[in-house]
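Below: the structure, in structure tokens.
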Amino acid sequence: MIDVMTPGMVGFDREEVLAMEKITVSLPSPLLAVLDGLARKWSTTRSDAVAELIRRVEQEELEEQLKEGYLALAEANRKDAGFFLHAQAEVVLRDGN
């Protein structure tokens, strides 16, 4: 795991380093240039830059799923509130007289 602590400093989780697998990846030259630029910016290797990018995509997907879940829950809560609004209004009007 890469932890970006301060600009140019990258930390690693020792357990993940021990569990790494080797793969071969082919990239078009423009993407390789982007990867090399990120690796330089983050003061890390190509492999660690790829791992960080994958983690970020995974995090973004999780955040999107959470957002969708919260929106669905908010809609359910809105419907519940609408359902109970009539009963609450009836009590308020009754008690107010």
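State yes or no: is L53 out of contact with any Gly (no Cβ under 9 Å at 6 or more places or on another chain), closer than 21 Å to M20 by Cα and of a type in the set (A, V, I, L, M)?
The answer is yes for L53.
Have a look at E60, E68, E64 and point out the one that is closer than 26 Å to L27 by Cα and within 21 Å of the chain's Cα centre (by Cα).
E60
Regarding S47, is this residue surrounded by 10 or more Cβ atoms within 10 Å (Cβ to Cβ) and not in a helix (DSSP H, G or I)?
Answer is no for this residue.
So for segment 4-26 (the condition being in contact with a Leu (Cβ under 8 Å, 6 or more places away or on another chain) and modelled with pLDDT of 95 or more), does at least one residue qualify?
There is no residue in segment 4-26 that is in contact with a Leu (Cβ under 8 Å, 6 or more places away or on another chain) and modelled with pLDDT of 95 or more.
Do any residues in segment 50-79 that are assigned to a helix (DSSP H, G or I) have Cβ atoms under 7 Å from those of residues that are of a type in the set (S, T, N, Q) and loosely packed, with under 10 Cβ neighbours inside 10 Å, where the two are at least six apart or on different chains, and which pairs are they?
Listed pairs, sorted by first residue: none to list.
The values are calculated or read from the model by the stated rules, or taken from the named source; none is laboratory data. Model, not experiment: these values are computed from the prediction. Every residue, glycine as well, gets a Cβ built from its backbone with ideal geometry; the counts of neighbours run over all protein chains shown.
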